[in-house]
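**Student:** Below you will find the structure I want to go over with you.
Bear in mind that the values in this text are calculations on the coordinates, not laboratory data. Bear in mind that the values here come from a model prediction, so they are computed numbers and not experimental data. When we count neighbours, we look across all protein chains shown, and the Cβ atoms used for this are built from the backbone with ideal geometry, even at glycine.
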Amino acid sequence: MLDSKSSRRNFFKFLGLTAGTTLISQVSFAAHLDQTEIKKLTDEQKEFIMLHEKWMDKFIEVIRVQKTAPEDQENNQKMIAITEMADEFKPKLNEFMKDGTFALIYKMSLERMSKEI
């Protein structure tokens with residue numbers, strides 16, 4: 001566990017974030033990545049990955065609530081808003097997915113979401 005937190009901390013350092021930043025859930029996909037690959041991302045790609053990770057955290061939480069309380073109207077409204085946010089990601093995502101390194105990191109982040117759900 002300590003090793004995983006250390007890897008997560010190093011990942012945030014590569015992204016230029018401070019130690020107090022809590023943008024990604026405790027289960028971070030970054031521990032599974034080769035850190036030299038993360039360094040290859042552009043600043044814009046890093047920013048997108050972080051934004052997408054925050055979105056996934058919200059999505060995972062909404063899905064968890066939906067599983068236990070499918071009639072929760074407030075949660076259903078959150079689901080609609082989160083889905084609309086995903087549509088906003090598509091143009092940039094399509095552009096960034098042309099980069100093999102970005103595509104690898106993005107796919108690994110999706111694996112984290114799949115495991116959480």
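**Student:** Set the bar at 23 Å for Cα to Cα. Now go through Lys39/Lys115; Lys40/Lys115; Lys58/Lys98; Lys67/Lys90; Lys46/Lys92 and name every pair that lies beyond it. If you can, show how the numbers build up before the last one.
**Tutor:** Details: Lys39/Lys115 25 Å; Lys40/Lys115 26 Å; Lys58/Lys98 26 Å; Lys67/Lys90 26 Å; Lys46/Lys92 12 Å.
Checking Cα-Cα distances, Lys39/Lys115; Lys40/Lys115; Lys58/Lys98; Lys67/Lys90 exceed 23 Å.
**Student:** Let me ask another. Rounded to the nearest 0.05, what FRET efficiency do Glu71 and Glu111 give with R0 = 35 Å and r taken as the Cβ-Cβ distance? Could you check? Mind dumping the intermediate values first?
**Tutor:** On the way: r = 30 Å, r/R0 = 0.87.
Plugging the Cβ-Cβ distance into 1/(1 + (r/R0)^6) gives 0.70.
**Student:** Something else now. I need the calculated FRET efficiency for the pair Ala81 and Lys39, taking r as the beta carbon distance and R₀ as 35 Å, to the nearest 0.05. Present the calculation step by step, with values, prior to reporting the outcome.
**Tutor:** Working: r = 33 Å, r/R0 = 0.96.
Working from the Cβ atoms, E equals 0.55.
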